[in-house]
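To keep things clear, I will list the structure first and then write my remarks on it.
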Amino acid sequence: MVNEKFETIITDYQGLLYRLCYAYLDNKWEIEDLLQEIYINIWNNIEKFRGEAKISTWIYRIGVNTILMYKRSEKKKQHGLEVYKSEMHLEADEKYDEEEKLNKLKQCINQLANSDRILVSFMLEGLTYEEIADVLGITLNNVGVKINRVKKRLTKLMEDLNHE
């Protein structure tokens with residue numbers, strides 16, 4: 001039973017967990033190592049899941065906690081969060097402009113605190129404010145305040161970068 005549940009979780013949330021790890025690390029091998037740590041933590045805690053929260057919230061919490069512990073143990077800043085490109089076929093100039101904008105956005109996101117990068121990651125994943133509040137263990141109102149502050153900070157960083 002535990003094996004089947006674990007396999008289902010890994011199958012269903014593998015992409016989400018990969019993107020979450022990718023938000024903090026650029027190196028494919030480090031991402032794979034971190035994913036393995038997350039999978040181990042899921043395996044070790046799967047029988048403790050009581051169903052009081054949605055399974056996705058539980059998975060996010062394990063992922064985020066594992067990442068934060070990994071970051072603390074590494075004691076070094078990693079570059080993170082690559083905004084995912086759509087698979088549109090763009091002309092060469094448009095593609096270059098898009099990549100340039102994404103690189104600038106990534107530079108700005110990398111300047112954010114870890115907690116703010118997690119928030120941006122959740123927003124990009126399409127989580128609702130309620131889901132974010134559940135995962136982070138904060139109030140719904142606090143989520144709105146934090147998102148508003150992060151948006152303002154990113155806007156300012158982008159403006160500063162464009163004026164350089």
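Values quoted throughout were computed directly from the atomic coordinates according to the rules given, and no laboratory measurement underlies them. Just so you know, these numbers come straight off a predicted model, no measurement behind them. Cβ atoms come from the backbone with ideal geometry, glycine included; neighbour counts cover every protein chain shown.
Ordering Ile46, Ile118 by the number of other Cβ atoms within 10 Å of each residue's own Cβ, fewest first, gives Ile46, Ile118. As a rough footprinting exposure proxy, the listed residues Leu127, Leu20 were ranked by other beta carbons within 10 Å of their own, and the order from fewest upward is Leu127, Leu20. Label-to-label distance, Glu32 versus Leu16, with points set 7 angstrom from Cα along the beta-carbon direction: 2.5 nm.
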